[in-house]
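Student: Structure below; questions to follow.
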Amino acid sequence: MYLAQKYNSVRQLHIMVTAGMIFFLITKSVAQFAPPAGQPGSTAISTDSSIFVQWASACLVARGYMDISDTSLGYANYGMDTAAVGIADFNVVSLGDSGSAVLYFDTPLVNGSGFDFAVFENSFSDEFLELAFVEVSSDGSRFFRFGSTSNTQT
């Protein structure tokens, strides 16, 4: 009876419970990605994991603008192409807005069972991740883009 008195009526209580359930369902449907590395439920894989058997052997970067909405700032210029080659370390290469990197491997990647390759993105924090498309090619001319999902307007 206390809850009904607090909310003045059973109807108002029903509306509050329904609104809470809707909020819970919306929150759960928007948060469809695993949490950041180090948090419970994370599916992040450490760069020093033994499951990695090969690293890119060469990289060709085409730089994009530092800010595509203000091209007067010029192109991104941080890092060298070689920062994306070999065992992951803390070196980075900035692609900029609409930039691209083509990675080459000594042994071709194959479509086996489970995950076949990983792409690492250097973020400023666990919550800031930049959008990117991942594509593969067997001939360097025709590329196949993997499906992607974003909760941010692109």
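Student: Is it the case, given these coordinates, that VAL136 is more than 28 Å from GLY38 (Cα to Cα) and in contact with a Leu (Cβ under 8 Å, 6 or more places away or on another chain)?
Tutor: Yes.
Student: Would you say ILE45 is modelled with pLDDT under 85 and not assigned by TED's automatic domain parsing to the domain that holds GLY112?
Tutor: Taking the combined requirement at face value, the residue does not satisfy it.
Student: Further, regarding this structure: What pairs come up if the first residue lies in the range 47-73 and is closer than 13 Å to VAL85 by Cα, the second is of a type in the set (Gly, Ala, Ser) and not in a loop (DSSP other than H, G, I, E, B), and their beta carbons are under 6 Å apart, counting only those six or more places apart or on different chains?
Tutor: Listed pairs, sorted by first residue: CYS59/ALA84; CYS59/ALA101; VAL61/ALA101.
For every residue, the table says whether it meets (1) at pLDDT below 95; (2) surrounded by fewer than 14 Cβ atoms within 10 Å (Cβ to Cβ); (3) of a type in the set (Phe, Trp, Tyr).
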| site | (1), (2), (3) |
| --- | --- |
| ILE51 | yes, yes, no |
| TYR75 | no, no, yes |
| LEU95 | yes, no, no |
| TYR104 | yes, yes, yes |
| PRO108 | yes, yes, no |
| PHE120 | yes, yes, yes |
| SER141 | yes, yes, no |
| THR152 | yes, yes, no |
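Student: Evaluate the following for SER29: is it hydroxyl-bearing (Ser, Thr, Tyr) and modelled with pLDDT under 50?
Tutor: Answer is yes for this residue.
Student: Going by the structure shown, is PHE33 more than 21 Å from LEU131 (Cβ to Cβ) and surrounded by 10 or more Cβ atoms within 10 Å (Cβ to Cβ)?
Tutor: no
Student: Which of the residues that make up the range 56-92 are within 23 Å of PRO108 (Cα to Cα) and in a loop (DSSP other than H, G, I, E, B)?
Tutor: Within the range 56-92, ALA56, SER57, VAL85, GLY86, ILE87, ALA88, ASP89 qualify.
Student: Consider VAL85 against the criteria (1) closer than 25 Å to PHE144 by Cα; (2) touching a helix residue (DSSP H, G or I) at 6+ places or on another chain (Cβ under 9 Å): it satisfies all of them except one. Which criterion is unmet?
Tutor: Of the numbered conditions (1) closer than 25 Å to PHE144 by Cα; (2) touching a helix residue (DSSP H, G or I) at 6+ places or on another chain (Cβ under 9 Å), the odd one out for VAL85 is (2).
The values are calculated or read from the model by the stated rules, or taken from the named source; none is laboratory data. This is a predicted model, so every value here is computed, not measured. Cβ coordinates were reconstructed from backbone atoms using ideal geometry, including for glycine residues, and neighbour counts include every protein chain displayed.
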